[in-house]
Amino acid sequence: MNRSVKIVAILGGLGVLLWAWWAHQSPLLLRSQSFHAQGGPTLDDEVLSLVPAPDLVEYEVQPGETLEQIAARFGVSVEALVGSNVSALDDLHALEPGIVLKIVRNGILHSVKRGQTLTDIARTYGVALSEIVRANRLEGREYIYPGEEFFIPGAARSPAWTYFQMAGGKKSFFAWPVRGVLSSGFGPRIHPISGEPDFHEGIDIEVPEGTDVYAACAGKVLAAGRHSGYGLYIVLQHSNGYRTLYGHLSEIGVYRGQFVEGGQVIGRSGNTGNSTGPHLHFEILQYGRPLNPLALLPP
Ligand SMILES: [Zn+2]
């Protein structure tokens, strides 16, 4: 064993110990154990039979198979199939043989992200919070944890599916918030209203008023309101110091503090504020510095 291999092995060992300690300390694990332990005597059969359980099978992808073929074989929509398998999928048009897909016929499996609450998840899927609590036996739980998987009963629409569509079918950090003609790029320009030299801190995408605007990445709503220049606008906070801004909206569909999924509808495009026609003004910032969105968005 050379020196660096030894260090890796020691760090790995420490990681396992740390995990074991965390798992032991975790109120979630203690709670879920006690929850299951008390399940028998406190819940009668009648109540249990009313709790919607996922109709789930696991399926190993064979060489050459497509998502459409698999969805058709199991009688589910491609959207729901993608929605339940976000972490396993990288490219919707080139399935990797050997990956195992979870196929749910009566809803979608959702993996919790850091900062996301059950209320956020309920809003994301348009399913009642009480239904999600009941289906996952979460009554009495105080915390949910990133990476936990919950069954969203009856969900058919998946923001993950939309996100993939807006990213050209491949996994990407950012996806397009709308698709349309680029009418103004990032950088120095002559301002369309003042006629003065100006620096355009985002891009303008021409879309008809009322077009759905999707979150370009999962994150928390940092601001949602009215601004003299941007008109109705939304700012989302993402990981790695990134923020995205959506301006000149006609409608805001989120509130400050809400966690939204990438691909979730956050509002509708418009022509409010300092705007010369219906379009979406879109910015990507990192640690407060505006970046050229075209360098970060998929083709
Ligand atoms: Zn603009």
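Tabulated data
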read-out: In region 23-56, the residues that are small (Gly, Ala, Ser), within 30 Å of the chain's Cα centre (by Cα) and either in a helix (DSSP H, G or I) or modelled with pLDDT of 50 or more (or both); value: Ala23, Ser32, Ala53
read-out: Condition check for Ser111: closer than 24 Å to Val254 by Cα, surrounded by fewer than 18 Cβ atoms within 10 Å (Cβ to Cβ) and in contact with a strand residue (DSSP E or B) (Cβ under 7 Å, 6 or more places away or on another chain); value: yes
read-out: Gly210 away from the ligand (no atom under 16 Å from the Cβ), within 21 Å of Arg179 (Cβ to Cβ) and surrounded by fewer than 16 Cβ atoms within 10 Å (Cβ to Cβ); value: yes
read-out: Yes/no for Ser269 being within 24 Å of Arg123 (Cα to Cα), within 16 Å of the ligand (Cβ to nearest atom) and hydroxyl-bearing (Ser, Thr, Tyr); value: yes
read-out: Single condition Val178 does not satisfy, out of (1) within 16 Å of the ligand (Cβ to nearest atom); (2) free of Cβ contacts under 8 Å to residues at least 40 places away in the same chain; (3) under 17 Å from Gly262 (Cβ atoms); value: (2)
read-out: Leading residue by the ranking (nearest to the chain's Cα centre (by Cα)) among those in region 227-262 that are under 21 Å from Leu291 (Cβ atoms) and part of a loop (DSSP other than H, G, I, E, B); value: Gly262
read-out: Residues being crowded, with 18+ Cβ neighbours inside 10 Å, within 12 Å of the ligand (Cβ to nearest atom) and either touching a residue at least 60 places away in the same chain (Cβ under 8 Å) or not assigned by TED's automatic domain parsing to the domain that holds Gly219 (or both) - total across region 272-291; value: 5
read-out: Thr162 more than 15 Å from the ligand (Cβ to nearest atom) and out of contact with any Pro (no Cβ under 9 Å at 6 or more places or on another chain); value: yes
read-out: Filtered residues of region 187-204 (kept if hydrophobic (A, V, I, L, M, F, W, C) and more than 9 Å from the ligand (Cβ to nearest atom)); value: Ile190, Ile193, Phe199
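The values are calculated or read from the model by the stated rules, or taken from the named source; none is laboratory data. Quick caveat, the model's predicted, so the values are computed rather than measured. As a convention, Cβ positions derive from the backbone with ideal geometry for all residues, glycine included, and neighbour counts pool all protein chains shown.
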